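The values are calculated or read from the model by the stated rules, or taken from the named source; none is laboratory data. Predicted model, so just to flag it, every value in this text is computed and none were measured. Cβ coordinates were reconstructed from backbone atoms using ideal geometry, including for glycine residues, and neighbour counts include every protein chain displayed. For the accessible areas, the whole protein counts, side chains as well, though only heavy atoms, and no ligand, DNA or RNA atoms are used. Shrake-Rupley method; radii C 1.70, N 1.55, O 1.52, S 1.80 Å.
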Amino acid sequence: MEPNAVAVTNQSARLMMIKRGIAAGFPIMLGYLPIAITYGVLARQSGLTNLELTLMSILVFAGAAQFMGANMIALGTGMVEIVIATFVLNFRHFVMSLSFMNRLRDISLKWKVPLSLGLTDETFTVSSLHNKEAKEPYGTWFYGALILTAYISWVGGSFLGGVLGDVIPDRLSQSMGIALYAMFIGLLIPSVKKETKVALIAILAMLINFLFSLFMSDGWAIVLGTIIGGSCGIFVLKGEEEQ
Amino acid sequence: MIWVIIGMAVVTAVPRFLPAFIVDKLNFPAWVDRWLNAIPYAALGALIFPGIMTVKPDAPHVGLIGGAVAIALAWFGLNIILVVVGAIATVFLVTL
């Protein structure tokens, strides 16, 4: 083949991966938009300017923490407290990133760093369950496109919420509150059907999270639920290693 | 205000990117790999429950019904978008 033809094939393979990434990111977009708009509205009411609330979405990119931050700002909480609470709430991403980066071990650090910065509960779970792309050529473009789709929806939605105010009718935005949970379920069920033991891991994590959330902050409860629930994978996932 | 935002950004970003350097330096034994491979499923579990009951905080059953419909739709092998749309429609109807 001529070098030119190779370049064209590479380009179309890359484009294909980008398209697949956007498609995989679409459910996240559906879930993020109403929440991001709600965040924008709430942050405005908390006294943040449009620039500040959008900047927070650009720099922090973590839904629950931003809602909490806006709330604490409205209550006049001090900076140190807000930052510590954010750390606790977002520490789960450390565990998730360790899992995701371990899967993407073979890619270069210059891809790993930006991809890891785009990890949220949603981009992590969707990316992780699309694990075959990690081994395909241009797999990084798939994950990059997926994460960017989510990121743009989040940042764009926040800005819209700040500028337009409550554009989504109350009833609809409340109903859309189920979207991300439904997405998590839609990701989990096919894995459970394939390998029943997966259900054991998930249910254990649910129970631990529930029990611990009764007497500690939600942030630590999710971290411990994920780590301890995942630890039973050491024993039950034995056969899956060479997948 | 800008410092609050930057502070939040730093404590969020560091735990996110640190693992990129850790896996570059360390090789894990097989059991740690299995543990890390189970993390997505455990995270899904912990993210779904009990959070799903707060969809309508004063009526926890609304989220649970939506969740049950999502489980059913996903079990029948529907595309994830349809699972999401079906759950939204269910909550919409239940809260009418």
Residues hit by the 50 Å² burial cutoff in the range B:24-43, accessible area with a 1.4 Å probe, assembly against chain on its own, are B:24, B:34, B:35, B:36, B:37, B:39, B:40, B:41, B:42
The range A:98-224 - Kirkwood radius from inverse mean 1/r over Cα pairs (Å)
17.1 Å
HN-Hα J in Hz across the range A:109-118 - Karplus 6.51, -1.76, 1.60, θ = phi - 60°, x for Gly and Pro
4, 6, 8, 4, 5, x, 4, 5, 5, x
Rounded to whole Å², per residue accessible area for the range B:1-46 with a 1.4 Å probe reads 41 Å²
Table column - 3J(HN,Hα) (Hz), the range A:63-69, Karplus curve with 6.51, -1.76, 1.60, x for Gly and Pro
x, 4, 5, 6, 4, 4, x
Would you be so kind as to list the residues of the range B:79-96 that have their accessible area lowered by at least 50 Å² in the full protein complex compared with their chain by itself (1.4 Å probe)?
B:80, B:81, B:84, B:88, B:92
State, in square angstrom and to the nearest 100, the accessible area buried between chains A and B, both chains counted, probe radius 1.4 Å.
7000 Å²
Does the range B:1-46 classify as rounded, prolate or oblate by the C-alpha gyration tensor (a ≥ b ≥ c root eigenvalues; a/c under 1.5 gives rounded; else a/b over b/c gives prolate, otherwise oblate)?
oblate
Provide, for q = 0.15 Å⁻¹, the log10 of I(q)/I(0) from a solvent-free Debye sum over equal Cα point scatterers in chain A.
-1.16
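Shape call for the range A:195-237 from the C-alpha gyration tensor, a ≥ b ≥ c root eigenvalues: rounded (a/c under 1.5), prolate (a/b greater than b/c) or oblate?
Because a/c hits 1.5 or more and a/b exceeds b/c, the range A:195-237 counts as prolate.
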Over chain A, average the accessible area per residue using a 1.4 Å probe and give it in Å², no decimals.
45 Å²
Keeping the other protein chains in place, figure out the carbon and sulfur percent of the accessible area of the range B:1-46, with a 1.4 Å probe.
74 percent
Which pairs break 19 Å Cα to Cα here: A:112/A:135; A:110/B:25; A:19/A:135; A:19/A:110; A:112/A:132?
A:19/A:110
Ignoring ligands, DNA and RNA, please state the percent of accessible area on the range A:195-237 from carbon and sulfur, probe 1.4 Å.
80 percent
Using a 1.4 angstrom probe on protein heavy atoms only, which residues from the range A:22-46 are buried by at least 30 Å² of accessible area when all chains are present rather than their own chain alone?
A:27, A:30
Quantify how strongly other chains surround peptide B:63-74 by giving the mean number of their Cβ atoms within 10 Å of each of its Cβ atoms.
4
Å² of accessible area per residue within the range B:49-96, as computed with a 1.4 Å probe and no ligands counted
50 Å²
Would you mind classifying chain B by shape? Square roots of the alpha carbon gyration tensor eigenvalues, ordered a ≥ b ≥ c; an a/c under 1.5 is rounded, otherwise it is prolate if a/b is larger than b/c and oblate if not.
oblate
